[in-house]
Amino acid sequence: ELEYYSRTLEQKVEGRTRELKKANIKLKEQDNMKTEFLSIVSHELRTPLALVLGFAGIIDKRFKDVISPHVKTDDDKVQRSLSEVQQDLGTIILEGKRLTRLIDELLDITKIEAGKIEWNMESISMDEIIKQPIAVTRSSFKQNKLEMIEDIEGALPLVIGDKDRLKQVVINLISNAIKF
């Protein structure tokens, strides 16, 4: 009777082992499909983003070198608009470059799967971490007919952190404040 139970148990173990091997093969196939999908998505995101950044750079240069110097006016509204367009172009370029870095990091599958996302720790100004996201989200305030009130203490300390990730946190906080 003991031999019978032993054989039955061995057969069940062999059956479960075959099932687990099949499941493992299927998981590996799905993992390969995910890797291929992310590679395609990466390419499809980077190509138009590179074009957007390229054209934004060209427009920025033309605006600085050709248009802006020839617009001579005492109208404060026109001067303010010129300044805002210049800032907005700078924001598009700055955020496009940041988005490119985020895509690169996001799609580095080996780092993600190994749990080894690299943090670019450096000494950074909290002033920069706060002011750039404010500039980036300024147009959202205008679109939503909201007033941005900046109340930032002077002489903020330097901190050690990942500049891009900290800026993203502040952008997310401001965006959520606008939405809600």
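The values are calculated or read from the model by the stated rules, or taken from the named source; none is laboratory data. This structure is a prediction, so every number in the text was calculated from the model and none was measured. Cβ placement follows ideal geometry from the backbone for every residue including glycine, while neighbour counts extend to all protein chains displayed. Keep in mind that these areas ignore ligands, DNA and RNA; they rest on the heavy atoms of the full protein, side chains included. Shrake-Rupley method; radii C 1.70, N 1.55, O 1.52, S 1.80 Å.
In the set Lys72, Lys64, Lys21, which member is of a type in the set (D, E, K, R), assigned to a helix (DSSP H, G or I) and over 26 Å from Gly96 (Cβ atoms)?
The match here is Lys21.
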Please find, within the stretch 76-106, the residue that is most open to solvent (accessible area, probe 1.4 Å) out of those that are within 21 Å of Ser140 (Cβ to Cβ) and of a type in the set (Lys, Arg).
Arg80
Taking Ser125 and the conditions (1) within 30 Å of His43 (Cβ to Cβ); (2) open to solvent by less than 50 Å² (accessible area, probe 1.4 Å); (3) modelled with pLDDT of 85 or more; (4) among the polar types (S, T, N, Q), which numbered condition does it fall short on, given that it satisfies the others?
(1)
Among Thr110, Thr73, which is farther than 22 Å from Ile171 by Cβ, at pLDDT below 85, open to solvent by 80 Å² or more (accessible area, probe 1.4 Å) and hydroxyl-bearing (Ser, Thr, Tyr)?
Thr110
